[in-house]
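The next block holds one structure in the form of structure tokens; read it before the comments.
The values are calculated or read from the model by the stated rules, or taken from the named source; none is laboratory data. Everything numeric here is computed off the predicted structure, so don't read it as measured data. Heads up, the Cβs are rebuilt from the backbone with ideal geometry, glycines too, and the neighbour counts pull from every protein chain shown. Heavy atoms of the whole protein, side chains included, go into the accessibility calculation; ligands, DNA and RNA do not. Shrake-Rupley method; radii C 1.70, N 1.55, O 1.52, S 1.80 Å.
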Amino acid sequence: MLAAVGGLLMLYHLIRMRSIIFSKEIMISSLIAMVFSVIGLFAVDYNNSQDYSYASYIVSMVTWLAASYTTCISIAWIHGKLSPRLLINYLVAVCLLQCALALLIEFVPAVKIFVDSYFSIGITEFLNKVKRLYGIGAALDVAGVRFSAVLLMIAVLLAKDETIRHNSRAITVYVISFLLIAGIGNMIARTTLLGMVGGIVYLLSTTGCFSRTMQHANIKLWGIILSALAVVFIIGAYYYNTDAAMHKLLRFGFEGFFSWAETGEWRTDSTDKLNTTMWIWPEVNDTKTWLIGKAVFSQWHDVGTDIGYCRFIFYSGATGLVTFIIFFAYLSVTMAQKSTVFKHLFILLFLLLLVNWFKVSTDIYVIYALFLSMESPYLSQHYKEEIEHTKEKRNENSLLYIRPI
């Protein structure tokens with residue numbers, strides 16, 4: 001629905017600009033996505049498969065892009081401006097809402113019945129069986145990797161956005177949001193740990209913690225972080241010792257930390273499976289599968305592995321995997337070049353993607369699509385004075401003019 005509206009809005013804005021203009025980033029990334037889709041389509045045809053999971057990736061990409069355009073236009077209309085910080089604020093709010101919904105679904109039976117009846121995400125029965133928290137359309141690793149992406153965004157804002165760094169109230173709000181998303185997010189999906197650890201490491205490395213001197217803003221930042229962490233830890237410890245349900249959820253979400261504290265060894269059920277039974281590759285002499293795959297992705301149980309790199313190899317081989325990595329590498333580099341404050345964010349997102357594929361094959365293009373839409377020619381022209389942390393003037397070479405209308 002959002003994509004359909006976005007497509008109409010794009011058409012309307014192109015008519016208003018009296019030219020058909022596409023950004024260079026969208027054109028080149030679409031071309032790479034098309035190549036990736038063709039590789040997948042060839043793998044499907046060559047292997048007589050019916051699994052079109054990534055053979056139609058270009059369609060998924062366009063759908064996400066059009067849907068994100070609707071989102072960005074809506075935010076711009078409401079606020080009269082559009083900036084990376086404003087977009088991130090909305091993403092933070094969505095994550096906090098999903099965390100709150102997950103707790104309501106878990107602890108309020110009426111809410112759980114309503115959600116399971118009207119907003120089923122297709123795996124509700126499985127989630128209830130394994131006693132996992134879930135929001136509305138937010139569960140397992142799909143939710144975890146998106147929580148991780150938003151945690152990285154918060155870390156970059158705290159480290160690089162000078163407007164926030166000199167506002168104690170804003171810092172407090174972002175820090176508390178980070179801790180809540182990290183804590184509850186890990187109870188929903190432990191993949192959230194990637195964003196939590198990545199965000200903390202980024203803050204430690206960019207705020208002078210390992211230097212002999214620290215700026216006053218960084219001292220204030222870490223003072224708020226440590227104070228908020230102490231409060232959250234005390235509240236968590238209280239519920240851990242007094243509430244059986246929260247006790248179980250906390251042990252699941254932070255299983256590795258509890259294992260490390262109690263046995264001196266970092267272990268979780270997931271890492272044990274990854275290190276023993278999940279790394280499955282084609283036979284060494286199976287050149288065909290290594291190059292073009294077997295076009296098996298949706299039915300990954302037939303292969304026996306859920307690890308992202310393995311699944312991509314079995315679907316479209318090394319050819320498809322390398323093309324997909326190039327797709328995200330190009331987006332990350334080009335988006336990083338557009339901003340001085342947020343250039344680190346897209347490198348962090350790319351690293352998040354690569355690390356996440358050691359566990360599952362979750363796609364985070366939806367995050368890139370939002371920032372691509374925000375940089376669209378129409379929004380740049382009509383909200384240029386309000387767009388923050390971007391270059392003062394767009395390079396004309398970054399746009400592709402097809403023809404005047």
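Per residue, how much accessible area does the chain have with a 1.4 Å probe, in Å²? Present the calculation step by step, with values, prior to reporting the outcome.
On the way: 20330 Å² over 405 residues.
Accessible surface, normalised per residue, equals 50 Å².
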Using amide H atoms built 1.01 Å from N in the peptide plane, name the residues 5+ places from residue 361, or on other chains, whose amide H lies under 5 Å from its own.
308
Can you give the FRET efficiency for residue 351 and residue 242, using 1/(1 + (r/R0)^6), R0 = 41 Å, r = Cβ-Cβ distance, to the nearest 0.05?
0.60
Using +1 at the Cβ of each Lys and Arg and -1 at the Cβ of each Asp and Glu in the chain, identify which of 336, 305, 186 lies farthest towards the dipole's positive end.
336
Tell me, what ³J(HN,Hα) does each residue in segment 285-290 have, in order and in whole Hz, if you take phi through Karplus 6.51 cos²θ - 1.76 cosθ + 1.60 with θ = phi - 60° and put x for Gly and Pro?
8, 8, 4, 4, 5, 4
Amide proton proximity set for residue 81, modelled H, under 5 Å, gap of 5+:
none
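Among 269, 161, 45, 243, what's the order by accessible area (1.4 angstrom probe), most exposed first? Each step should come with its number before you reach the end.
Details: 269 75, 161 0, 45 115, 243 50 Å².
Sorted by accessible area, descending: 45, 269, 243, 161.
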Phi angles of segment 352-368, converted by Karplus (6.51 cos²θ - 1.76 cosθ + 1.60, θ = phi - 60°) into ³J(HN,Hα) in whole Hz with x for Gly and Pro, give 4, 4, 5, 5, 4, 5, 5, 10, 9, 9, 4, 9, 10, 4, 3, 5, 4
Along segment 23-35, Karplus-curve 3J(HN,Hα) (6.51, -1.76, 1.60; θ = phi - 60°) to the nearest Hz, with x for Gly and Pro, reads 6, 4, 4, 5, 5, 5, 5, 5, 5, 5, 4, 5, 4
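Over segment 87-241, what percent of the accessible surface lies on carbon and sulfur atoms, probe 1.4 Å?
Numbers: 5270 of 7620 Å².
Here carbon and sulfur together make up 69 percent of the probe-accessible area.
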If packing is taken as the average count of other Cβ atoms within 10 Å, what order do 147-155, 337-345 fall into, highest mean first?
147-155, 337-345
With the Cα gyration tensor of segment 131-231 giving a ≥ b ≥ c as the square roots of its eigenvalues, does the rule (a/c under 1.5 for rounded; else a/b larger than b/c for prolate; else oblate) give rounded, prolate or oblate?
prolate
